[in-house]
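As structure tokens, the structure follows; a few thoughts come after it.
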Amino acid sequence: MTEKQKTMRLRIIATFIIYIPLAVLQHMEVFASKDSLLWLFLYLIPYLLVGWDILYRAVRNIRNGQVFDENFLMTLATFGAFGVGEYSEGVAVMLFYQVGELFQSYAVNRSRQSITELMDICPEYANIEEDGVLKQVDPDDVSVGDIIVIKAGERIPLDGTVVFGESMVDTSALTGESVPRRVRTGDEIISGCVNGSGLLRVEVTKEFDDSTVAKILELVENASSKKAKVENFITKFARYYTPVVVIGAVILAVLPPLLLKQSWSEWVRRACTFLVISCPCALVISVPMSFFGGIGAASRKGVLVKGSNYLEALSQMDTIVFDKTGTLTKGEFKVSQLNPVSMKKEELLELAAYAECYSDHPISRSILEAYGKEPDRSRIEDNREIAGRGMEAVIDGRPVLAGNSKLMKENQISYESCPAPGTVVYLAADGKFAGSIVIQDGIKEQSFAAIRELKQVGVRHTVMLTGDRKEAGEAVAKELGLDEVYTQLLPEDKVAQVERLLAAQEKGRKLAFVGDGINDAPVLSRVDIGIAMGSMGSDAAIEAADVVLMDDDPSKIASIVRISRKTMGIVKQNIVFALGVKLIVLGMGAFGVANMWEAVFADVGVSVIAIINAMRALKAE
């Protein structure tokens, strides 16, 4: 409980202690009716004790041009009650309004605390060793290249590479997974995780402002700025709704006495009741809180959603498009076949390794790994990468081509097509076909569950786009049970396919694309929802997409679709409940059926119930 909440609780208790005896004495008619000024003075004490801050905010907001808010409505309604001699009701309205505000404050703080605890990954210090002694410093003061020491049980403060030690690392704060990950010398390690068992020495690779933990915290803090359509609607609704009900209350207070010659005090009382009922607190607080809870529930599963607008879009997702490599497959390429034509296997592999040695593509790395030696780069006279085709190099004076079938055809090389499943790299030397290398990439175990569960939650259309050859792409698509697959695509071809799919979407339906957030950035920027495989906190992935899967597990997409739909269900429940109750009680108030007590329930009671309902979004699964 905050100090502000404790102070408010004391004010409410003190007001109750003063108000209840006053109400009892008035009911027993201890003082005569002619002593109304005395009753006014006595009731002003609890009224000002519990409501002075409401009055202050109302006056301040009026000065700033923000007239129509709940502070103004409460002030106007209670002043009206006092004006017609309803002192007890005036104090009761302010008192129970503040009780409701306190409950709302508890609920909102609890919601925020759940997410704060969940994202409590910000390190307080980093250990630097100086003259054999560990010194705690601010992570901001550590530079790239420094060696930090992380003891067992400590949170990893900065991204880096392990240079000494072996340990189990708890990544649950980032990935939602409870199973620790083993790290050893040479492994990359990211900030925000907890070192579980052994001592680690880590060479820092990123400054704190560029670290994974800093980017994630910035993402979570900024999530509330991207509002869903329904949130924007509620904001606009409240902007027009409040002035309308104030005008309605004025008409209700003035016209019947003037036109029908009825009691002014009765119609002013009805107008005050009308104002109390009309406060839009239930909608203004509970709707954003529902989305906040949904984002928190997704974060608990290791899925970062960049705003409530994306959470809303996920609930409407009908089509999902996957990249293949590293998304549905492991991205761990291994050479499985060497098919030489005019040379030995060793020479074929060597030529391929030399041609690919300047590329950082996973295919290139797998060939270099199979070669097992460091190429003598002095033998390479020229080397360039041809986008979407492969590599062109001059090795020992010999022109060498290593790439896909498009590269062979464009250079008019007569080659033997390889039907083996997997990615095939064709090689040519001196203008003649030299053979092929088959590289295979296994399907992630989670991919099977991902497609199955997406179908179960109602995603009707699953598509895969890949630059890989037809045989490899179709084999993966068939094994996973995908609806469509498009192969041998260049980056611009992927964009064209996605735009075609977007054009075919039904109105109100959304399309998501799942990729690695780096190579697929052009596609991610065009779709309704871009979902990136976070690669354990890849900077590019976090920045490129609308949703980030921190542990690269595609099966979690179905979980966030369920969370988004539950969140939207809660939002709709709150809107229908709040508006329904208010409209009914507004009608009752206008006809004199509802008094101030029903008005307090229609405002405070509905708000508290809506907020408690909104908190269910935090528990969404």
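The values are calculated or read from the model by the stated rules, or taken from the named source; none is laboratory data. Not measured: the values here are computed from a predicted model. Please note: Cβ atoms are built from the backbone with ideal geometry, for glycine as well, and neighbour counts cover all protein chains shown. Protein only, heavy atoms only, side chains kept; ligands, DNA and RNA dropped before computing areas. Shrake-Rupley method; radii C 1.70, N 1.55, O 1.52, S 1.80 Å.
Tell me the residue from K478, K432, K470, K444 that is of a type outside the set (S, T, N, Q), free of Cβ contacts under 8 Å to residues at least 12 places away in the same chain and either over 18 Å from A521 (Cα atoms) or touching a Leu at 6+ places or on another chain (Cβ under 9 Å) (or both), please. Give the derivation first.
Numbers: K432 fails: free of Cβ contacts under 8 Å to residues at least 12 places away in the same chain; K470 fails: free of Cβ contacts under 8 Å to residues at least 12 places away in the same chain; K444 fails: free of Cβ contacts under 8 Å to residues at least 12 places away in the same chain.
Within the list K478, K432, K470, K444, the selection yields K478.
Which one is modelled with the lowest pLDDT among residues in the range 116-143 that are in contact with a Leu (Cβ under 9 Å, 6 or more places away or on another chain) and open to solvent by 10 Å² or more (accessible area, probe 1.4 Å)? So that I can check it myself, show each step before the final result.
So in the range 116-143, the residues in contact with a Leu (Cβ under 9 Å, 6 or more places away or on another chain) come out as 119, 121-123, 126-128, 139, 142.
Right, trim to open to solvent by 10 Å² or more (accessible area, probe 1.4 Å) and you get 119, 122-123, 128.
Values: M119: 53, C122: 68, P123: 76, I128: 92.
The qualifying residue modelled with the lowest pLDDT is M119.
Looking only at the range 281-307, count how many residues are open to solvent by less than 10 Å² (accessible area, probe 1.4 Å) and not in a helix (DSSP H, G or I).
5
Could you tell me which residue of the range 420-456 is most open to solvent (accessible area, probe 1.4 Å), considering only residues that are over 47 Å from the mean Cα position of the chain (by Cα) and at positive phi? Please lay out each step first, then the result.
Filtering the range 420-456 down to residues over 47 Å from the mean Cα position of the chain (by Cα) leaves 428-435.
Still in the list and also at positive phi: 430-431, 435.
On the way: D430: 82, G431: 52, G435: 0 Å².
Step by step, filter the range 420-456, then rank; the result is D430.
Does L314 count as modelled with pLDDT of 85 or more, closer than 21 Å to N613 by Cβ, open to solvent by less than 50 Å² (accessible area, probe 1.4 Å) and assigned to a helix (DSSP H, G or I)? Lay out the reasoning, then the answer.
Details: modelled with pLDDT of 85 or more: yes; closer than 21 Å to N613 by Cβ: yes; open to solvent by less than 50 Å² (accessible area, probe 1.4 Å): yes; assigned to a helix (DSSP H, G or I): yes.
Yes; evaluated as a whole, the condition is true for this residue.
Restricting attention to the range 511-519, does a residue exist that is surrounded by fewer than 21 Cβ atoms within 10 Å (Cβ to Cβ), out of contact with any His (no Cβ under 8 Å at 6 or more places or on another chain), at pLDDT below 90 and closer than 28 Å to G302 by Cβ? Walk me through how you get there before you give the answer.
Initially, the range 511-519 is screened for residues surrounded by fewer than 21 Cβ atoms within 10 Å (Cβ to Cβ), giving 518-519.
Applying the additional criterion that residues be out of contact with any His (no Cβ under 8 Å at 6 or more places or on another chain) yields 518-519.
Next, from what is left, pick out any that are at pLDDT below 90: 518-519.
Filter once more, keeping what is closer than 28 Å to G302 by Cβ: 518-519.
Among the residues of the range 511-519, at least one is surrounded by fewer than 21 Cβ atoms within 10 Å (Cβ to Cβ), out of contact with any His (no Cβ under 8 Å at 6 or more places or on another chain), at pLDDT below 90 and closer than 28 Å to G302 by Cβ, which makes the answer yes.
Does the range 381-419 hold any residues that are among the aliphatic types (A, V, I, L, M) and under 41 Å from the mean Cα position of the chain (by Cα), and which are they?
Just the residues of the range 381-419 that are among the aliphatic types (A, V, I, L, M), to begin with: 386-387, 391, 393-395, 400-402, 407-408, 413.
Within the range 381-419, I386, A387, M391 qualify.
Does E374 qualify as being surrounded by fewer than 19 Cβ atoms within 10 Å (Cβ to Cβ) and under 30 Å from L480 (Cα atoms)? Reasoning before the result, please.
Working: surrounded by fewer than 19 Cβ atoms within 10 Å (Cβ to Cβ): yes; under 30 Å from L480 (Cα atoms): no.
Considered against the rule, which asks whether it is surrounded by fewer than 19 Cβ atoms within 10 Å (Cβ to Cβ) and under 30 Å from L480 (Cα atoms), E374 comes out as no.
Pull up the range 42-75, narrow it to residues that are under 18 Å from F601 (Cα atoms) and either open to solvent by 10 Å² or more (accessible area, probe 1.4 Å) or of a type in the set (S, T, N, Q) (or both), then point me to the one that is farthest from the chain's Cα centre (by Cα).
T75
Collect the residues in the range 377-418 that are part of a helix (DSSP H, G or I), open to solvent by less than 70 Å² (accessible area, probe 1.4 Å) and within 20 Å of E347 (Cα to Cα), keeping them in residue-number order. Please lay out each step first, then the result.
Filtering the range 377-418 down to residues part of a helix (DSSP H, G or I) leaves 377-379, 405-410.
Now drop any that are not open to solvent by less than 70 Å² (accessible area, probe 1.4 Å), which leaves 379, 405-408.
If the condition is that a residue be part of a helix (DSSP H, G or I), open to solvent by less than 70 Å² (accessible area, probe 1.4 Å) and within 20 Å of E347 (Cα to Cα), then R379, M408 are the ones that fit.
Across the range 130-140, what is the number of residues that are in contact with a strand residue (DSSP E or B) (Cβ under 8 Å, 6 or more places away or on another chain), outside any strand (DSSP E or B) and free of Cβ contacts under 8 Å to residues at least 24 places away in the same chain? If you could, list the steps in order and put the result at the bottom.
From the range 130-140, those in contact with a strand residue (DSSP E or B) (Cβ under 8 Å, 6 or more places away or on another chain) are 134-139; that's our starting set.
Next cut, outside any strand (DSSP E or B) only: 138-139.
Next, only the ones that are free of Cβ contacts under 8 Å to residues at least 24 places away in the same chain stay: 138.
Looking only at that region, the number is 1.
Give the residues of the range 333-369 that are among the hydrophobic types (A, V, I, L, M, F, W, C), touching a residue at least 60 places away in the same chain (Cβ under 8 Å) and more than 14 Å from G390 (Cα to Cα), sorted by residue number.
To start, the set of residues in the range 333-369 that are among the hydrophobic types (A, V, I, L, M, F, W, C) comprises 333, 335, 338, 341, 343, 348-349, 351-353, 355, 357, 363, 367-368.
With touching a residue at least 60 places away in the same chain (Cβ under 8 Å) added as a condition, the list becomes 333, 335, 338, 341, 343, 348-349, 351-352, 355, 363, 367.
Within the range 333-369, F333, V335, L338, V341, M343, L348, L349 meet the criteria.
From the list G85, G80, exactly one residue is touching a Cys at 6+ places or on another chain (Cβ under 7 Å) and modelled with pLDDT of 75 or more. Which is it? Explain how you work it out, then say what you get.
Numbers: G85 fails: touching a Cys at 6+ places or on another chain (Cβ under 7 Å).
Matching residue, one of G85, G80: G80.
Quick check on T567: is it modelled with pLDDT of 90 or more and either buried (at least 20 other Cβ atoms within 10 Å of the Cβ) or under 18 Å from the mean Cα position of the chain (by Cα) (or both)? Full working, then the answer.
Numbers: modelled with pLDDT of 90 or more: yes; either buried (at least 20 other Cβ atoms within 10 Å of the Cβ) or under 18 Å from the mean Cα position of the chain (by Cα) (or both): yes.
Taking the combined requirement at face value, the residue satisfies it.
Taking the options V276, V250, V246, name whichever one is open to solvent by less than 60 Å² (accessible area, probe 1.4 Å), part of a helix (DSSP H, G or I) and modelled with pLDDT of 75 or more.
Numbers: V276 fails: modelled with pLDDT of 75 or more; V250 fails: open to solvent by less than 60 Å² (accessible area, probe 1.4 Å).
When all the criteria are applied, what remains is V246.
Would you mention how many residues in the range 603-621 are over 25 Å from G302 (Cα atoms) and open to solvent by 10 Å² or more (accessible area, probe 1.4 Å)?
Final tally of qualifying residues: 4.
Being open to solvent by 30 Å² or more (accessible area, probe 1.4 Å) and farther than 13 Å from S607 by Cα is the filter here, so list the residues in the range 570-579 that pass it.
Listed by number, the list holds a single entry, K572.
Does any residue of the range 585-606 turn out to be more than 27 Å from G192 (Cα to Cα), modelled with pLDDT of 85 or more and assigned to a helix (DSSP H, G or I)? Let's see the steps before the verdict.
Pass one, the range 585-606, residues more than 27 Å from G192 (Cα to Cα): 585-606.
Then drop every residue that is not modelled with pLDDT of 85 or more, which leaves none.
Scanning the range 585-606, I find no residue that is more than 27 Å from G192 (Cα to Cα), modelled with pLDDT of 85 or more and assigned to a helix (DSSP H, G or I), so the answer is no.
Kindly evaluate S178 against the criterion of being under 30 Å from the mean Cα position of the chain (by Cα), more than 26 Å from D140 (Cβ to Cβ), modelled with pLDDT under 80 and small (G, A, S).
Spelling it out, S178 is indeed under 30 Å from the mean Cα position of the chain (by Cα), more than 26 Å from D140 (Cβ to Cβ), modelled with pLDDT under 80 and small (G, A, S).
Just one of the numbered conditions (1) crowded, with 20+ Cβ neighbours inside 10 Å; (2) under 14 Å from I320 (Cβ atoms); (3) basic (K, R) is not true of K494; which one?
Failed condition: (2).
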